[in-house]
Amino acid sequence: MSSFDLNEEYQDLSDSVREFADEVVAPVSAKHDEEHSFPYEVVKQMGEMGLFGLPFPEEFGGMGGDYFALALALEQLGRVDQSVAITLEAGVSLGAMPVYRFGTQEQKERWLPELASGRSLAGFGLTEREAGSDAGGTKTHAHVDNGEWVINGNKEFITNSGTDITTLVTVTAVTGKTENSDGSPRKEISTILVPTETTGFKAERAYNKVGWNASDTHPLTLDNVRVPEANLLGQRGRGYANFLSILDEGRIAIAALGTGAAQGCVDLSVKYAKERSAFGQNIGKYQAIQFKIARMQARAHTARLAYYDAAARMLAGKPFKTEAAIAKMVAGEAAMDNARDATQVFGGYGFINEFTVARHYRDSKILEVGEGTTEVQLMLIARELGL
């Protein structure tokens, strides 16, 4: 039997990020949410703390940590501000990690130090209007012309793609045709590094979202974008497979974020229940409130164990796809359910945007959609069961 207690190094990291979240992030969260503004000052301090470099080797400007360290940081940030947490999650697992996993030595040396420092951000241009859960429906296409990739297409819902410090977007594109094992035709999908300063690349107007209002999200247009042929990331035709492996890892990170959101709702509800009086006593004395918060804590605890397990399997080099899917699904649902219950505990105040539980209520729904919907996770789990 193994213990889920954190060792001293992990605990110190978690505690330091928790303190940062409470003292630096939380005080400005409502302002950035209301203004739909990107928290540059917070991101800068996160970079100075080394959070964007947590899972990367020191030779590329990283902290020499691992993916579990990143997950612990995301949990603590997710308690107080999901927009800040997803900025870190997408900046590392979707932005920098593909370069680290599949890039050449030259590509790593060029891009990773800035990305690991948090001085610049990268996005992952996968989703399209008709290619979300069905990424094989990608229509963006690229061909080689005179030593350059020429890329045309559109992307949707791309995080960290339009900030003042965004320097790179990795784009999936159809680069040819190939065959399945049964001889039927299929698209050859590759990934290509596109610097945001490239002519023809444009981050369109930011979305007006329900939640995650301080997170940067744009549709992208690529109009005859030309980049060097050497900007191919990984092996040609392996873009779809590589993206799936990136999402498997990313689901652990999203699960950690969701766990943090779920725990944040618990913490806020406990504090409020001890302070708010009704009918002559604190509402925390009433069993209806006690049971509601107890169920919330059970959800957060279960979600934490799920992502701990998936991360441990990943770091041990064991298969973790199914465990990551379970963790992502459980944590996303825990965050959404806890946000709903926390809003009920807070009553009318839970419906006021300046209260953190109201922000969690708006923010948490996307955790059941982004980086693989709940239905996709169920499909993956069922497939592992042989169904």
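The values are calculated or read from the model by the stated rules, or taken from the named source; none is laboratory data. None of these values were measured; they are calculated from a predicted model. Methodologically, a virtual Cβ is constructed for each residue, glycine included, from the backbone with ideal geometry; neighbour enumeration extends over all protein chains shown. Note: accessible area is taken over every heavy atom of the protein model, side chains too, but ligands, DNA and RNA are not part of it. Shrake-Rupley method; radii C 1.70, N 1.55, O 1.52, S 1.80 Å.
Of all residues in the stretch 133-170, how many are within 30 Å of Gly211 (Cβ to Cβ) and touching a residue at least 40 places away in the same chain (Cβ under 8 Å)? First the steps, then the outcome.
Going through the stretch 133-170, the residues within 30 Å of Gly211 (Cβ to Cβ) turn out to be 133-140, 153-170.
Remaining after also requiring touching a residue at least 40 places away in the same chain (Cβ under 8 Å): 133, 135-136, 138, 140, 153-170.
Here the count works out to 23.
Step by step: first the residues of the stretch 75-131, then only those that are of a type in the set (S, T, N, Q) and in a helix (DSSP H, G or I), then the one that is surrounded by the fewest Cβ atoms within 10 Å (Cβ to Cβ). Which residue is that?
Going through the stretch 75-131, the residues of a type in the set (S, T, N, Q) turn out to be 76, 82-83, 87, 93, 104-105, 107, 117, 120, 127.
Next, from what is left, pick out any that are in a helix (DSSP H, G or I): 76, 82-83, 87, 93, 105, 107, 117.
Details: Gln76: 25, Gln82: 32, Ser83: 27, Thr87: 28, Ser93: 25, Gln105: 8, Gln107: 19, Ser117: 15.
Here the answer is Gln105.
Which of the residues belonging to the stretch 313-336 are among the small types (Gly, Ala, Ser) and open to solvent by less than 60 Å² (accessible area, probe 1.4 Å)?
Ala324, Ala325, Ala327, Ala331, Gly332, Ala334, Ala335
Under 6 Å between Cβ atoms, which residue pairs at least 6 apart in sequence (or on different chains) link something in the stretch 313-329 that is within 16 Å of Ala71 (Cβ to Cβ) with a partner that is aromatic (Phe, Trp, Tyr) and assigned to a loop (DSSP other than H, G, I, E, B)?
Close Cβ pairs satisfying both conditions: Arg313/Phe320; Met314/Phe320.
State whether one or more residues within the stretch 218-240 are of a type in the set (Gly, Ala, Ser) and within 17 Å of the chain's Cα centre (by Cα).
Restricting attention to the stretch 218-240, the residues satisfying the condition of being of a type in the set (Gly, Ala, Ser) are 230, 234, 237, 239.
Next cut, within 17 Å of the chain's Cα centre (by Cα) only: none.
For the stretch 218-240, residues of a type in the set (Gly, Ala, Ser) and within 17 Å of the chain's Cα centre (by Cα): absent.
Results for (1) within 19 Å of Arg226 (Cβ to Cβ); (2) of a type in the set (A, V, I, L, M, F, W, C), shown as yes or no for each residue.
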{"position": "Leu94", "(1), (2)": "no, yes"}
{"position": "Gly103", "(1), (2)": "no, no"}
{"position": "Gln107", "(1), (2)": "yes, no"}
{"position": "Glu114", "(1), (2)": "no, no"}
{"position": "Gly125", "(1), (2)": "yes, no"}
{"position": "Gly132", "(1), (2)": "no, no"}
{"position": "Gly147", "(1), (2)": "yes, no"}
{"position": "Ile151", "(1), (2)": "yes, yes"}
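Among the residues of the stretch 155-169, are any at negative phi, modelled with pLDDT under 95, surrounded by 15 or more Cβ atoms within 10 Å (Cβ to Cβ) and assigned to a strand (DSSP E or B)? Full working, then the answer.
Pass one, the stretch 155-169, residues at negative phi: 155-156, 158-159, 161-169.
Add one more test, that the residue is modelled with pLDDT under 95, and what stays is none.
Scanning the stretch 155-169 turns up no residue that is at negative phi, modelled with pLDDT under 95, surrounded by 15 or more Cβ atoms within 10 Å (Cβ to Cβ) and assigned to a strand (DSSP E or B).
Based on this model, can you work out whether Phe38 counts as outside any helix (DSSP H, G or I), open to solvent by 20 Å² or more (accessible area, probe 1.4 Å) and modelled with pLDDT of 95 or more?
Working: outside any helix (DSSP H, G or I): yes; open to solvent by 20 Å² or more (accessible area, probe 1.4 Å): yes; modelled with pLDDT of 95 or more: yes.
So Phe38 passes the test.
Report yes if Leu88 is under 12 Å from the mean Cα position of the chain (by Cα) and free of Cβ contacts under 8 Å to residues at least 60 places away in the same chain, otherwise no.
Values: under 12 Å from the mean Cα position of the chain (by Cα): yes; free of Cβ contacts under 8 Å to residues at least 60 places away in the same chain: yes.
It is true that Leu88 is under 12 Å from the mean Cα position of the chain (by Cα) and free of Cβ contacts under 8 Å to residues at least 60 places away in the same chain.
Which of the residues spanning the stretch 355-387 are in contact (Cβ under 8 Å) with a residue 60 or more places away in the chain, within 15 Å of Thr322 (Cβ to Cβ) and surrounded by fewer than 19 Cβ atoms within 10 Å (Cβ to Cβ)?
Glu384
Between residues in the stretch 171-188 that are assigned to a loop (DSSP other than H, G, I, E, B) and residues that are not hydrophobic (A, V, I, L, M, F, W, C), which pairs lie under 8 Å by C-beta distance while being six or more apart or on different chains?
Here the result reads Asn180/Arg186, each pair linking the stretch 171-188 to a residue that is not hydrophobic (A, V, I, L, M, F, W, C).
Out of the residues in the stretch 342-354 that are open to solvent by less than 20 Å² (accessible area, probe 1.4 Å) and of a type in the set (Gly, Ala, Ser), which is modelled with the lowest pLDDT?
The residue in question is Gly350.
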